[in-house]
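The values are calculated or read from the model by the stated rules, or taken from the named source; none is laboratory data. Because the structure is a prediction, the values reported are computed rather than measured. Cβ placement follows ideal geometry from the backbone for every residue including glycine, while neighbour counts extend to all protein chains displayed. Just so you know, the surface numbers come from the protein's heavy atoms only, side chains and all, with ligands and any DNA or RNA stripped out. Shrake-Rupley method; radii C 1.70, N 1.55, O 1.52, S 1.80 Å.
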Amino acid sequence: MRLSRYFLPVLKENPSEAQIVSHRLMLRAGMIKQASAGIYSWLPLGFKVLRKIENIVHEEQQRAGHMPMLMPTIQSADLWRESGRYDAYGAEMLRFKDRHDRDMLFTPTAEELITDIFRAHVGSYKDLPLTMYQIQWKFRDEIRPRFGVMRGREFFMKDGYNFDLSKEDALHAYNRHLVSYLRTYERMGLQAIPMRADSGPIGGDDTHEFLVLAETGESEVFYDSAVTDLSFGDRDIDYDDHAQCAGVMEEFTNLYARTDETHDPDLFDKVPEERRRVARGIEVGQIFYFGTKYSDALNAVVQGPDGKQVPVHMGSHGIGVSRLLGAIIEASHDDKGIIWPEGVTPYHCGIVNLKQGDEEADGACEALYASLTALGLEPLYDDRNERAGGKFATMDLIGLPWRITVGPRGLKNGVVELTSRRTGESEELPPEEAVKKVAEIYANL
Ligand code: P5A
């Protein structure tokens, strides 16, 4: 992409409505624009990152054996009356009527609708286990939408649902989700700690939230600092292996880590004092096992191996896809702007031409652009007629992890400059070496 043709409405001033750094930077970097309270348009740069995050979620869900599908955002109230949640959900549910005066709503979550699909088509234990998921817009009429995409009213969520014959199988689905979520967040450059939580309107007893530690987080959390030493890394997981998934679950959840809703001061006191931490976190996902709550209410039964009809055991699992942009920026920025982790960066490498119009500099930039593109990478070339300072400021603000700077002086010596956004360190290299280096960095992702 060439910046001269891109729609990147960066703001010079700090927008006054933004209280936290991620919201400020998303507005300044021209990623989003508020349409109304808690509802945003996704401008090209923001949309690009949203898609990257969505893709990682898709890949990791499918690696775990979960099937993608898509359900409508607008639903009839009938199913929600059947489950009892039409009344229970309260003012957070956006309700309206269609022209025939039927009660409709904008989906805040989809346990009812997926259970209805299941009961219509599945009748035997032989079709289990089954896990399907979607990545779809949700609406919750939050009382206080704030912090940009972090607490929106309209937001993008991955929601998955498992159907199993027994509690044991459903708990495996729970563990499997926990494992796949750990991997998902790590690919985005995030440490998200599973913490025992409260299930709220979704229901059930077993639930963990995934929290990214950040001062601006909305949740108060209590944990043993040893949890932050855990990392998922490059493990080979067989997602059908109950014992292996249970082992990872155990490893990542046996230390004390809880949200304020489930915090137990007596238990917390047992953590060695120097490891006790009280901090704040951003909830980027939550997994639930709620047994037969929805299958009982909606009569989702299958015939078991013994011929008897039994309600299926279920759980649901969510990732805040749009919220993740805010969480990643909160965790990775400096005073100049965003610093994207390589896994989610909108463009792999920036190219800054220090002397636009100079034949040699222009030619070298075009050649770099072509080489990077040929290797399957997406460069963002600042080919505008602007001062170098302005170009650097824009690149720093939008946070591409790598930048190649091209100028006549370097070219005389046969070199360009490759700079890491994270460390600020630069090295001078022949252009083809710079391309090779960038390609290597991304090859390992
Ligand atoms: C699990 C999937 C559920 O709704 N039903 C289907 C379950 N869980 S949840 O915890 O309520 O939401 C899942 C994740 O969505 C994000 N999220 C939000 N993101 C932005 N703005 C909001 N208002 C908002 N509400 C929830 C969170 O990341 C949450 O973990």
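Odds and ends about this structure:
- A Gaussian network model of the chain, with springs between Cα atoms under 10 Å, assigns the largest mean-square fluctuation among 235, 99, 63 to 99.
- For segment 108-219, the Cβ-based charge dipole about the Cα centre amounts to some 340 debye (Lys, Arg positive; Asp, Glu negative; other atoms uncharged).
- Largest mean-square fluctuation among 36, 295, 332, in a Gaussian network model of the chain whose springs join Cα atoms under 10 Å apart, belongs to 36.
- D (Stokes-Einstein, µm²/s), Kirkwood Cα radius, segment 214-325, 1.567 mPa s at 4 °C: 75
- Entries of 12/138; 138/167; 12/33; 336/391 with Cα pairs more than 21 Å apart: 12/138; 138/167
- Once you reduce segment 3-76 and segment 416-445 to the center of their Cα atoms, the two points are 27 Å from each other.
- Furthest towards positive pole of dipole, 202, 221, 70, structure part the chain, Cβ charges: 70
- Difference of contour (0.36 nm per residue) and Cα-Cα distance, residue 59 to residue 73: 2.8 nm
- Longest to shortest principal axis, alpha-carbon extents of the chain, angstrom: 81, 58, 43
- Dimensionless Rg over Rh [segment 158-250; C-alpha; Kirkwood]: 0.96
- Stokes-Einstein D in µm²/s, Kirkwood radius over Cα pairs - segment 286-420 at 25 °C with 0.890 mPa s viscosity: 131
- Formal net charge of residues neighbouring residue 128 (Cβ-Cβ distance under 9 Å; K, R +1; D, E -1): -2
- C-alpha center-to-center spacing [segment 117-154, segment 204-242] in angstrom: 21
- Shape metrics for segment 387-432, restricted to C-alpha atoms - Rg then Dmax, Å: 10.8, 30
- Of 418, 377, 324, the residue with the greatest mean-square motion in the GNM of the chain, using alpha carbon springs below 10 Å, is 377.
- The charge dipole of segment 346-435, taken about the Cα centre with unit charges on the Cβ atoms of Lys, Arg (+1) and Asp, Glu (-1), comes to about 320 debye, rounded to the nearest 20.
- Share of carbon and sulfur in the accessible heavy-atom surface of segment 252-369 [1.4 Å probe, %]: 45
- Compared with the dominant principal axis of the Cα atoms in the chain, helix 167-187 is inclined by about 10°.
- All C-alpha pair distances within segment 1-152, sorted into 5 Å bins from zero, spread as 2, 7, 13, 14, 15, 15, 13, 10, 6, 3, 1, 0, 0 percent across the bins.
- Accessible-area composition of segment 1-98, carbon plus sulfur, in percent [1.4 Å probe]: 53
- Lys/Arg +1, Asp/Glu -1 at C-beta; segment 130-170 dipole; positive extreme among 160, 137, 148: 148
- Accessible surface, the chain, averaged per residue in Å² (probe 1.4 Å): 44
- Relative contact order for segment 128-214, counting Cα pairs under 8 Å that sit 6 or more residues apart, in percent: 21
- Using alpha-carbon coordinates, inclination of helix 431-443 to the longest axis of the chain, degrees: 10
- For residue 339, distant residues with modelled amide H under 5 Å away: 333, 334
- For segment 1-90: relative contact order, % (alpha-carbon pairs under 8 angstrom, 6 or more apart): 17
- Relative contact order of the chain, defined on C-alpha pairs under 8 angstrom at six or more residues apart (%): 16
- All other residues whose Cβ lies under 15 angstrom from that of residue 8 are scored, Lys and Arg at +1 and Asp and Glu at -1, for a net of +3.
- Think of each Lys and Arg Cβ as +1 and each Asp and Glu Cβ as -1; about the Cα centre, that makes the dipole of the chain roughly 1440 debye.
- Interatomic Cα distance distribution for segment 263-350, bins of 5 angstrom, percent: 3, 10, 10, 11, 10, 11, 11, 11, 10, 8, 4, 1, 1, 0
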